[in-house]
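Student: One structure, as structure tokens, below. Some questions next.
The values are calculated or read from the model by the stated rules, or taken from the named source; none is laboratory data. None of the values given here were measured: they were computed from a predicted structure. A quick note on method: Cβ atoms are made from the backbone with ideal geometry, for glycine too, and the neighbour counts reach across all protein chains shown.
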């Protein structure tokens, strides 16, 4: 049906048709064919369309047509059209669309978002302005500084309205709505018509037109979808294998978290696959550079979170990989909508471990179809160290003195064999292994034998011992009935390593607290005994 409709038949202004032709388009997409005439009539509109269907041109073209056919003198800091988007990337993409289709018309536009300085934006607002594309937060910043007025807005566009609600922008949106003129045209574009979107529209729209070009929450049929069932620790190895084997380029990879995106990009880079991460914590310059390199083909892999990827519009993107499935099934639809755009085919691959099966079931239920399970016979799982460790432990570490009440290997994440500590006042049982060597020093109050290293040669708490001090044991060297050392490591007990040396060697372990295993005498104690023997010999001679 859409093949019979052309942009020329939509009665758009001639300068717009010229720009559209230069961009290589002659026939509108379904959302464009239905939305453009309704917007040109001046009424409110609710349009539901998946990403990649051309919905951006569905509102930028009729807005440009309105500004061209009903010209007014543009006023600095007072736009005639306001387009709100949830993310910086989407805002930049919308502004790019305005520039592309408006190259032959006398219309001014600018984009503003957070993460960059306000001064250049303030300078832009001092010039005549027709179209303003903005994110809600930065828009309110400028309104608060009185560098911007919304009193002349004739057309309001809420793009990706569902995502704006998901990101918690509802309060900001309501603040903006309160500042707009009552008489205006409202255009709401969303991937889905959820109950929240309908509630927002009820307080915003006035007898809106309604356009929905695809069945709700239906993924593009042009995207070939498949699932690899694989353990979490093998995922990055399989991903690197697939990229190298099939010589994939321009691969968009989705992770669930910002930290996961950073880590995966670094790992792929170490594997010889150029990759960068893009997410909300990245500076705007870093995000812009990564996007530019990816679009131009200079960057092989772009690792992104769901929010950061909103608004990415890359021609004929061949591959989308779900390194981790999203928690929200609808986000899967948005992800794979990055490929298979504008009639092109694409592939979406998901790497799924056992813990993600519940998310996969929810996605398949939403789409009402089962995604094919596949495997690669050429992929050989990488051998992982026992316990997932990625580094070898030293064979003979230096003895360590422990803090607080943690035993060797009994602390968080310890890999040594757990050891039972004696109760207060009890005599500790024999321990395996040789006691740590004791350096020569003055006898200490409540001196205790050094504790052996944990099994596997790992120090008790992984920290090297202080120079000139022996390892301090755990649970020894305390008076019977005395309180145990504090577990926070904030204060040292008076075991081995205390600075308070007694003035006589009389302070030693009582039989009740002396360990069963004999301990080598310190050099200092032997020296004291030798001095005592020498003094006794002199006394005998006298």
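Student: So which residues in segment 172-197 are more than 25 Å from residue 88 (Cα to Cα) and assigned to a helix (DSSP H, G or I), if there are any at all?
Tutor: Result: 195, single match.
Student: Picking from 315, 331, which residue would you name as being closer than 27 Å to residue 31 by Cα, in a loop (DSSP other than H, G, I, E, B) and either within 19 Å of the chain's Cα centre (by Cα) or at pLDDT below 80 (or both)?
Tutor: Working: 331 fails: in a loop (DSSP other than H, G, I, E, B).
Result of the check over 315, 331: 315.
Student: When you look at residue 213, is it surrounded by 18 or more Cβ atoms within 10 Å (Cβ to Cβ) and farther than 20 Å from residue 56 by Cα, yes or no?
Tutor: In short, no.
Student: Within segment 352-366, does at least one residue satisfy the condition of being part of a loop (DSSP other than H, G, I, E, B) and modelled with pLDDT under 90? Spell out how you get there, then give the answer.
Tutor: To start, the set of residues in segment 352-366 that are part of a loop (DSSP other than H, G, I, E, B) comprises 353.
Subsequent filtering for residues that are modelled with pLDDT under 90 retains none.
Looking for residues that are part of a loop (DSSP other than H, G, I, E, B) and modelled with pLDDT under 90, one finds none in segment 352-366, hence no.
Student: Out of everything in segment 138-171 that is assigned to a helix (DSSP H, G or I) and at pLDDT below 95, what residue ends up being farthest from residue 59 (Cα to Cα)? Walk me through it before giving the result.
Tutor: Start the filter on segment 138-171 by keeping residues that are assigned to a helix (DSSP H, G or I), which leaves 138-144, 161-166, 170-171.
Adding the requirement that they be at pLDDT below 95 leaves 161-166, 170-171.
Details: 161: 14, 162: 17, 163: 18, 164: 18, 165: 20, 166: 22, 170: 22, 171: 24 Å.
Among those that are assigned to a helix (DSSP H, G or I) and at pLDDT below 95, it is 171.
Listed here are the residues, each with its yes/no results for (1) farther than 27 Å from residue 325 by Cα; (2) under 28 Å from the mean Cα position of the chain (by Cα).
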| site | (1), (2) |
| --- | --- |
| 146 | yes, no |
| 155 | yes, no |
| 212 | no, no |
| 222 | no, no |
| 229 | no, yes |
| 233 | no, yes |
| 238 | no, yes |
| 245 | no, yes |
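Student: Any idea which residue in segment 279-299 is surrounded by the fewest Cβ atoms within 10 Å (Cβ to Cβ), counting only those that are within 15 Å of the chain's Cα centre (by Cα) and touching a residue at least 40 places away in the same chain (Cβ under 8 Å)?
Tutor: Checked segment 279-299; the qualifying residue surrounded by the fewest Cβ atoms within 10 Å (Cβ to Cβ) is 283.
Student: What about residue 84, is it closer than 16 Å to residue 307 by Cα and at pLDDT 95 or above?
Tutor: yes
Student: Also, I was wondering about something else. Out of curiosity, is residue 389 surrounded by fewer than 21 Cβ atoms within 10 Å (Cβ to Cβ), outside the structural domain of residue 252 (by TED's automatic domain parsing) and at pLDDT below 90?
Tutor: So residue 389 fits the description; yes.
Student: Output the residues belonging to segment 81-112 that are in contact (Cβ under 8 Å) with a residue 60 or more places away in the chain, surrounded by fewer than 22 Cβ atoms within 10 Å (Cβ to Cβ) and either outside the structural domain of residue 13 (by TED's automatic domain parsing) or in a loop (DSSP other than H, G, I, E, B) (or both).
Tutor: Listed by number, the residues that qualify are 103, 104, 105.
Student: Is at least one residue of segment 20-34 outside any helix (DSSP H, G or I), at positive phi and at pLDDT below 95?
Tutor: First pass over segment 20-34, keeping only residues outside any helix (DSSP H, G or I): 23-29.
Filter once more, keeping what is at positive phi: 24.
Okay, now just the ones that are also at pLDDT below 95, so 24.
Looking for residues that are outside any helix (DSSP H, G or I), at positive phi and at pLDDT below 95, one finds at least one in segment 20-34, hence yes.
Student: Exactly one of (1) at pLDDT below 90; (2) not assigned by TED's automatic domain parsing to the domain that holds residue 353 is unmet by residue 280. Its number?
Tutor: (2)
Student: Something else now. If residue 198 passes every condition in (1) within 30 Å of residue 265 (Cβ to Cβ); (2) in the same structural domain as residue 73 (by TED's automatic domain parsing); (3) in contact with a strand residue (DSSP E or B) (Cβ under 9 Å, 6 or more places away or on another chain) but one, which one does it miss?
Tutor: Failing condition for residue 198: (1).
Student: Check whether at least one residue in segment 172-182 is more than 22 Å from residue 328 (Cα to Cα), buried (at least 18 other Cβ atoms within 10 Å of the Cβ), modelled with pLDDT of 95 or more and more than 32 Å from the chain's Cα centre (by Cα), and report yes or no.
Tutor: There is no residue in segment 172-182 that is more than 22 Å from residue 328 (Cα to Cα), buried (at least 18 other Cβ atoms within 10 Å of the Cβ), modelled with pLDDT of 95 or more and more than 32 Å from the chain's Cα centre (by Cα).
Student: All but one of (1) surrounded by fewer than 20 Cβ atoms within 10 Å (Cβ to Cβ); (2) more than 40 Å from the chain's Cα centre (by Cα) hold for residue 7; which doesn't?
Tutor: (1)
Student: Can you name the residue in segment 10-55 that is farther than 23 Å from residue 192 by Cβ and buried (at least 22 other Cβ atoms within 10 Å of the Cβ) and is also nearest to the chain's Cα centre (by Cα) among such residues?
Tutor: Taking the candidates together, the pick is 16.
Student: Identify, please: which residue in segment 70-80 is part of a loop (DSSP other than H, G, I, E, B) and touching a residue at least 40 places away in the same chain (Cβ under 8 Å) and is, among those, surrounded by the most Cβ atoms within 10 Å (Cβ to Cβ)?
Tutor: Among those residues, the one meeting the criterion is 79.
Student: Within 22 Å of the chain's Cα centre (by Cα) and touching a residue at least 60 places away in the same chain (Cβ under 8 Å), is that true of residue 192?
Tutor: no
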